[in-house]
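The values are calculated or read from the model by the stated rules, or taken from the named source; none is laboratory data. Owing to the predicted nature of the structure, the values given are computational and were not obtained by experimental measurement. Note: ideal-geometry Cβ built from the backbone for every residue, glycine included; neighbour counts use all protein chains shown.
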DNA sequence: GCATTATGCCTCGTGTTGCAAGGTATCGCG
DNA sequence: CGCGATACCTTGCAACACGAGGCATAATGC
């Protein structure tokens, strides 16, 4: 039975981070702004959300980090690992199934 | 200024309950099963989730309750109030905006 | 007659997690 | 020289979903 709900609508920050990092290496501060911009301000995750998630994902092997200095600024770039890609697919699937289910209830569809 | 995210993907149980009760009066035990059935087991909220939310919604004036005895069983039916309908519209709108934003990021749409 | 299941209500404790607030340091601009 | 932007980070709080339990009655099964 694989996974139950367990805080079923949670893990969205994680999902967004993994998705964005899949396109290209990114660093924390950049992710904060990217999420704000791409969602047109609908989602505004603070650094207090992003950094802990980033650390957790790296600890779990979903992301790998590399320090780079740009313009005299030290940045920690994160890249998606194979495990991370797997995790992303997993989360995206869960999210999709969940929102479909909620949507079905919201529009009041025939239930079986 | 207006509202920020504040636990942006939360309140889903509340949303589902309000939506279901809008169609007809329902009682706790019934809601637990209705959510499971309508979501085809994608969402399985336990009674430990439903009842506290029900009580909070009534306390806030979004629901009104009435005790009825059916088949020698005592049930507490909840009905949507005007305030509750307002709240439902509000939550549904938020949810819609949120999922749209997430979807936009997931499919990698052009941002502005 | 007795036990198990289903119905129906409820609460408590735990763990997760999103988040604001605060802390540090460097760079560029006025 | 000061201020805002860039860039990293941690701590503490509050909310919340959830499992695990607890209580009571009706129906079903053995």
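Can you spot a residue in the range A:4-16 that is loosely packed, with under 15 Cβ neighbours inside 10 Å, under 17 Å from residue B:101 (Cα atoms) and at pLDDT below 95?
The first filter runs over the range A:4-16 and keeps only residues loosely packed, with under 15 Cβ neighbours inside 10 Å, leaving A:4, A:6-7, A:10.
With the extra rule that they be under 17 Å from residue B:101 (Cα atoms), the set shrinks to A:10.
Adding the requirement that they be at pLDDT below 95 leaves A:10.
Looking for residues that are loosely packed, with under 15 Cβ neighbours inside 10 Å, under 17 Å from residue B:101 (Cα atoms) and at pLDDT below 95, one finds at least one in the range A:4-16, hence yes.
Going by the structure shown, is residue A:89 more than 10 Å from DNA strand C (Cβ to nearest atom), surrounded by fewer than 18 Cβ atoms within 10 Å (Cβ to Cβ) and in a loop (DSSP other than H, G, I, E, B)? I'd like the intermediate steps shown before the answer.
Details: more than 10 Å from DNA strand C (Cβ to nearest atom): yes; surrounded by fewer than 18 Cβ atoms within 10 Å (Cβ to Cβ): yes; in a loop (DSSP other than H, G, I, E, B): no.
Judged against the criteria, residue A:89 is not a match.
Listed conditions (1) loosely packed, with under 15 Cβ neighbours inside 10 Å; (2) within 14 Å of another protein chain (Cβ to nearest Cβ) are all met by residue A:82, apart from (2).
In the range B:59-79, of all residues being in contact with a helix residue (DSSP H, G or I) (Cβ under 6 Å, 6 or more places away or on another chain) and farther than 26 Å from residue A:99 by Cα, the one that is surrounded by the most Cβ atoms within 10 Å (Cβ to Cβ) corresponds to B:65. Inside the range B:37-48, can you point out the residues that are more than 14 Å from the chain's Cα centre (by Cα) and more than 8 Å from DNA strand C (Cβ to nearest atom)? Within the range B:37-48, B:37, B:40, B:41, B:42 meet the criteria.
When the criteria are applied in full, residue B:105 meets the requirement of being within 13 Å of chain A (Cβ to nearest Cβ), in contact with a helix residue (DSSP H, G or I) (Cβ under 8 Å, 6 or more places away or on another chain), surrounded by 13 or more Cβ atoms within 10 Å (Cβ to Cβ) and in a helix (DSSP H, G or I). Residues in the range B:49-67 that are closer than 11 Å to residue B:27 by Cα and within 10 Å of DNA strand C (Cβ to nearest atom): B:50, B:51, B:54, B:65, B:67. Filtering the range A:32-76 to residues that are touching a strand residue (DSSP E or B) at 6+ places or on another chain (Cβ under 8 Å) and in a helix (DSSP H, G or I) leaves A:34, A:54, A:57, A:58.
Each residue in the range B:46-89 was checked for being within 14 Å of DNA strand D (Cβ to nearest atom) and on the phi > 0 side of the Ramachandran plot, and 2 of them qualify. Kindly indicate the residue of the range B:17-27 that is more than 9 Å from chain A (Cβ to nearest Cβ) and more than 12 Å from the chain's Cα centre (by Cα) and also surrounded by the fewest Cβ atoms within 10 Å (Cβ to Cβ) among those meeting that condition. Checked the range B:17-27; the qualifying residue surrounded by the fewest Cβ atoms within 10 Å (Cβ to Cβ) is B:24.
With respect to residue B:56, determine if the residue is more than 14 Å from chain A (Cβ to nearest Cβ), modelled with pLDDT of 95 or more, closer than 30 Å to residue A:44 by Cα and surrounded by fewer than 15 Cβ atoms within 10 Å (Cβ to Cβ). Yes: the conditions hold for residue B:56.
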